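The values are calculated or read from the model by the stated rules, or taken from the named source; none is laboratory data. Everything numeric in this text was worked out from a predicted model, so none of it was measured. Positions of Cβ are generated from backbone atoms using ideal geometry, with glycine treated the same way; all protein chains shown enter the neighbour counts.
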Amino acid sequence: MEKILEVENLEQKFDLSTGVLGKFKFKKGRLVKEERMVNAVNKVSFSIDKGKVFSLVGESGCGKSTTARTVIKLVEPKGGTIKFAGEDITNFTPGQMLKYRKRMQMIFQDPYASLNPRQKIIDIITEPMLFHKVANTKKEAEEKALELLHKVGIRPEQATRYPHQFSGGQRQRIGIARALAVEPEFIIADEPVSALDVSIQAQILNLLMDLKDEFKFSYLFISHDPLHPYTKVLLSAVPKLSGTNLKRSRLVKGEIPSAINLPSGCYFHERCPYARPICKEEMPTEKEVKDNHFVLCHLY
Ligand SMILES: Nc1ncnc2c1ncn2[C@@H]1O[C@H](COP(=O)(O)OP(=O)(O)O)[C@@H](O)[C@H]1O
Ligand SMILES: [Mg+2]
């Protein structure tokens, strides 16, 4: 199977000490250099088949958005490799990335922050089309934009309005139309429905899946797959309706480990209901438990 994306041992770190002075601290009367790094992404590996949906799942703060931003090189990776459609883009300069900006698009979590408030909807959609030469004239771009807006459920007379005149769900539809405007091969949807009302979420998810079938792109979908105790706990934390009671079972206890001082062994052992002594000592290695189904856990 041809791959659209191959990520190996991806690392991203952020330096928390600001400026040169921030890097120095007084310790026992002496000035010492101290590095305070956030390890946002630690050796993440995955690959996505062409035309397929790949889900990346995890709790808040675990590094999903940072992984996404690093993969499309909005931030430079600190380690590992990224291949897009077979090409190693890890060290590509912003100039070299330009043509990939058209091929990889992102749909953001927050539909309120991701649209320019000073631009009319039609301009938000046509601008990238003209920039990436998906349309040759303004007229052609506008025709295509109206067609796309229609597909995502925005009417033509709404196209000259500004983002604040739309609801969250409508804004997310506009964000989706903008991503599709440049005819991308690969779309990262970073929790595209988590900021929306539950009643709207299913509509947007269905729309995203219908569009995939029509336009034949691949997805990195940031949002669930149970096997690791961690994912089991995450899934069991989803409230279940039984009668009139909302039941919650086996909620994750404890705090997410600090990304500054990473724990030893499995990063989840401090909160894992199934942890054994070895989990504290050794980082588990990857095991294939079913076809193409991997887990990093000492219990398997
Ligand atoms: N620009 C940044 N500077 C410093 N720390 C950051 C930055 N971006 C993200 N982080 C930290 O990296 C970690 C992962 O964040 P993020 O990727 O947003 O997680 P998620 O999307 O899974 O909720 C968090 O601890 C977050 O505070
Ligand atoms: Mg995020």
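Of the residues I121, I125, I107, I188, the single one that is in contact with a Lys or Arg (Cβ under 8 Å, 6 or more places away or on another chain) and either within 16 Å of ligand 1 (Cβ to nearest atom) or over 23 Å from Y219 (Cα atoms) (or both) is I121. Of note, K28 does not satisfy the criterion of being in the same structural domain as L211 (by TED's automatic domain parsing) and within 15 Å of ligand 1 (Cβ to nearest atom).
Taking the stated definitions as given, is K64 at pLDDT below 95, more than 16 Å from ligand 1 (Cβ to nearest atom) and charged (D, E, K, R)? So K64 fails the test. Being in contact with a helix residue (DSSP H, G or I) (Cβ under 7 Å, 6 or more places away or on another chain) and surrounded by 18 or more Cβ atoms within 10 Å (Cβ to Cβ) is the requirement here; does P192 meet it? It is true that P192 is in contact with a helix residue (DSSP H, G or I) (Cβ under 7 Å, 6 or more places away or on another chain) and surrounded by 18 or more Cβ atoms within 10 Å (Cβ to Cβ). Of all the listed residues (A177, A202, A195), the sole one being at pLDDT 90 or above and among the small types (G, A, S) is A177.
For segment 64-106, a residue qualifies if it is away from ligand 2 (no atom under 16 Å from the Cβ), among the hydrophobic types (A, V, I, L, M, F, W, C) and within 24 Å of I174 (Cα to Cα), and the qualifying residues are L98, M104. Is it the case that segment 13-36 has a residue that's modelled with pLDDT of 90 or more, under 20 Å from E191 (Cα atoms) and within 18 Å of the chain's Cα centre (by Cα)? Looking for residues that are modelled with pLDDT of 90 or more, under 20 Å from E191 (Cα atoms) and within 18 Å of the chain's Cα centre (by Cα), one finds none in segment 13-36, hence no.
If you check K78, K83, which single one turns out to be within 15 Å of ligand 1 (Cβ to nearest atom), farther than 27 Å from P163 by Cα, modelled with pLDDT of 95 or more and touching an Asp or Glu at 6+ places or on another chain (Cβ under 8 Å)?
Testing whether each residue is within 15 Å of ligand 1 (Cβ to nearest atom), farther than 27 Å from P163 by Cα, modelled with pLDDT of 95 or more and touching an Asp or Glu at 6+ places or on another chain (Cβ under 8 Å) leaves just K78.
Applying the condition of being among the acidic types (D, E) and in a loop (DSSP other than H, G, I, E, B) to segment 254-300 and asking which residue is nearest to N42 (Cα to Cα) yields E282.
Take the conditions (1) surrounded by 12 or more Cβ atoms within 10 Å (Cβ to Cβ); (2) more than 16 Å from ligand 2 (Cβ to nearest atom); E35 misses just one of them, which is (1).
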